[in-house]
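Student: Sharing a structure, written as structure tokens. Questions coming.
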Amino acid sequence: MRISTSMLYQLSNTELTSMQGSILKLNQQVTQQQTVLLPSDDAVAAARALDLSQTQALNDQYKINRNNADSSLSQVNAALTNVTAMLTKIKSNITQAGNAAFSNSERANMATELKGNLKEMLGFANATDALGNYLFSGFKATTQPFDYDSMGNIVYNGDQGQQSLQVDSTRNMEISVSGQAVFQGAGQDTFKNMQDLITLLQVPVTEAANNADTQAANTYEYPAGSGQFPIQAYKTAQAAVDAASPTAPNYGTLLTQAANAKLASDKADAARTPIPGSQAALTRGLNKLGGAIDLQMNSVGAATASVGARQSEIDNLNATGDVLKEQYTQSVNDLLGRNPSDLAANISALSLQQTYLQAAQKSFVTTSSLTLLNYLK
């Protein structure tokens, strides 16, 4: 086979150009630290890496959503903590006010302090997040949830909805709490109870009211129309016990009669309405409000526990999301050749290809200088 000079140059040029193209490609791979630069390099790996990249981007967005959800829940939890502290203080006030040694002026001062506490509680209920949205108004995030009506009562203006965020592919999490469930849950109204307590403490206890209540208790007929006066009957039975000697033959009978009379007296006393301004009326009102505050604290405690459980779930989802992110990253690196071992292989291939190019160039120079005249020398 005869090889002409032009063919020699053409073949050498093609080969050298191909080598230079390979070197350029390897340079790009080394520079970008990635083997698969174009889908044409490995169509299957490129398509799979694209799917994983999209999945990873979605996982990253869930991470952002979880951070936003945790921020909102933290603000709700802070507000609920303040509410719990205020309810605890109110329960302590109720216990203090029930002390018979507490004076009317002391109870009046407590009522004045509670008026300020009521404003604080209203502020907790109308708390907002960093964007100015109300925490306890449901879906009506821009509507103030609690305010006074024309009668001076505090009413709820929000709805029963709970705002939510998609925090994982299969989890849509509520990031708020219904204000009505927190402040008016379990059949109780925090604001009305506080207003009722203020009103109760402002009524002075007087001796006249106490005497009138004692008289009303002694003459209270129960059941109505029965001609029976259980409270007075119990006082009489107890007086008989007090007057008798423990060694008297009928002492045990007197004790039994007094115990039975006490049961009937308690039922009658629970059924009647004490005279306003009496110690009995104060005690009855404080006991009722104390029980209501206990129920309210249970509602707030349940809401706080729910918020805490959701925050704990977010922590678990974040841990799972971080693991998935590492897995997605490693899979994409494997598919596109981004690992240190891939970079080392590309650097080695580049060095080898450069050696081949230098040898080819030297060979071409030597071959192209050969002529018949050189052979005849």
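Student: How are the Cα pair distances of the range 200-313 distributed, in percent, across 5 Å bins from 0?
Tutor: All Cα pairs considered, the percentages come to 2, 11, 13, 13, 13, 11, 10, 8, 6, 5, 4, 3, 1, 0, 0.
Student: Subtract the Cα-Cα distance of Lys288 and Gln327 from 0.36 nm times their separation in residues, and report this length gain in nm to one decimal. Display every interim value, and only then the final one.
Tutor: Working: separation 39, 0.36 × 39 = 14.04 nm, distance 5.92 nm.
Additional length available on full extension: 8.1 nm.
Student: Here's another thing I want to ask about it. Report the number of Lys pairs in the range 24-165 whose alpha-carbons are under 24 Å apart, with separation of 8 or more residues or on distinct chains. List each step's numbers first, then the result.
Tutor: Details: Lys89/Lys115; Lys89/Lys119; Lys91/Lys115; Lys91/Lys119; Lys119/Lys140.
Count of close lysine pairs: 5.
Student: Answer with one residue from Gly185, Ala258, Ser299: the one whose Cα lies farthest towards the positive end of the charge dipole of the range 182-339, charges on Cβ with Lys, Arg +1 and Asp, Glu -1.
Tutor: The one lying farthest along the dipole's positive direction is Ala258.
Student: Within the range 310-340, name every residue whose backbone N is under 14 Å away from a label modeled 7 Å from Cα of Arg171 along the Cβ vector.
Tutor: Only 310-324 pass the distance filter.
Student: Same structure, new question: Find the centroid of the Cα atoms in the range 244-268 and in the range 208-237, then give the distance between the two in whole Å.
Tutor: That distance is 18 Å.
Student: With every protein chain present, what is the per residue accessible area of the range 94-170 (1.4 Å probe, Å²)? Walk me through the intermediate numbers first.
Tutor: Values: 4110 Å² over 77 residues.
Normalised by residue count, the accessible surface of the range 94-170 is 53 Å².
Student: To the nearest 20 debye, what is the magnitude of the charge dipole of the range 135-208 about its Cα centre, counting +1 on the Cβ of each Lys and Arg and -1 on the Cβ of each Asp and Glu? List each step's numbers first, then the result.
Tutor: Details: 3 positive and 8 negative charges, 42 e Å.
About 200 debye.
Student: Round to the nearest 10 and report in Å² the accessible area of Ile347, as given by a 1.4 Å probe over the protein chains' heavy atoms.
Tutor: It works out to around 80 Å².
Student: Probe radius 1.4 Å, ligands and nucleic acids ignored: give me the carbon and sulfur share of the accessible area of the range 217-330 as a rounded percent. It would help to have the intermediate numbers written out before the result.
Tutor: Numbers: 3680 of 6290 Å².
Carbon and sulfur: 59 percent of the exposed surface of the range 217-330.
Student: Going by Cα centres, the range 99-133 and the range 47-80 are how many Å apart?
Tutor: Between the Cα centres of the range 99-133 and the range 47-80 lies a distance of 38 Å.
Student: Under a plain spin-label model, where a point goes 7 Å from the Cα along Cα-to-Cβ, how far apart in nm are Asn260 and Ser105?
Tutor: Reported label-point gap for Asn260 and Ser105 is 5.1 nm.
Student: With each pseudo-label sitting 7 Å past Cα toward Cβ, what's the Ala224-Lys140 distance in nm, one decimal?
Tutor: The answer from the label model is 4.1 nm.
Student: For a Förster distance of 35 Å, can you work out the FRET efficiency between the beta-carbons of Thr236 and Ser92, rounded to the nearest 0.05? Show your work: numbers first, answer last.
Tutor: Working: r = 38 Å, r/R0 = 1.10.
Computed FRET efficiency for Thr236 and Ser92: 0.35.
Student: Could I ask something else about it? Roughly how many Å² of Glu106 are accessible to a 1.4 Å probe, to the nearest 10?
Tutor: For Glu106, the solvent-accessible surface is approximately 80 Å².
Student: Which value, in debye to the nearest 20, gives the size of the charge dipole of the range 148-292 about its Cα centre, when Lys and Arg are +1 and Asp and Glu are -1 at the Cβ? Before the final figure, lay out each step's value.
Tutor: Numbers: 8 positive and 12 negative charges, 78 e Å.
The dipole magnitude comes to about 380 debye.
The values are calculated or read from the model by the stated rules, or taken from the named source; none is laboratory data. As the structure is a prediction and not an experimental result, all values here were calculated from the model. Positions of Cβ are backbone-derived with ideal geometry, glycine not excepted, and every protein chain shown enters the neighbour counts. We work out accessible area using only protein heavy atoms, side chains counted, and drop any ligands, DNA or RNA first. Shrake-Rupley method; radii C 1.70, N 1.55, O 1.52, S 1.80 Å.
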